[in-house]
Amino acid sequence: MKRISFWVIFLAVSGALFAHQWKTKDPLHNHPLLLEYWAKHNIQLLSHPHPQVANEAWITLWNLFFRKWQVYHMLPQHFADPRPISFLIDRKPFPATGEQRALEAFFAQAKPIYYQSERVYCRTVGEALMAIMYREGKWKMDYEEDWNAWWELNRKHYGH
């Protein structure tokens, strides 16, 4: 009887510790070997027809971009992706922090792209990825309606 109670308690505590580690460390999405697949999966989801799914993928990519070096250097490879997006990316003021000046940053919304907006900035997956990188705030040239000119003038920050 002591053995059975030991194993029941041992397995219950082990399961609780495993669940806690899984929630806090998130090894599936943070593992270096799986990170590239996770980022590519979310890049594929940017063209999902449902705006909520595509918006969540954009936010996930934004978080990965600012936290993982592998993704930081992986996004520029997908700038030529012509697939259309279904969610709205709007431009709103982003406050100044420290030495960085305030800038008009891009924010994704889980609204369809045809939602009432003054301007639609991004229509393709490549442009949505550029909007993530634009938010970084270290650029010398502003967006000014021409993504390709912006990238050509600012690509030196990414070693291209």
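Every number in this text was worked out from the coordinates using simple rules, so none of it is lab data. Because the structure is predicted, anything quoted here is derived from the model rather than measured. Note that each Cβ is placed from the backbone with ideal geometry, even for glycine, and that neighbours are counted across all protein chains shown.
Rank these for me by crowding, Ser14, Ser47, going from fewest to most other beta carbons within 10 Å.
Numbers: Ser14 10, Ser47 17.
In increasing order of surrounding Cβ atoms, one gets Ser14, Ser47.
With a 10 Å radius around each residue's Cβ, average the other Cβ atoms per peptide and rank 123-132, 56-65, highest first.
Details: 123-132: 21.8, 56-65: 20.2.
Ranking, from highest mean packing down: 123-132, 56-65.
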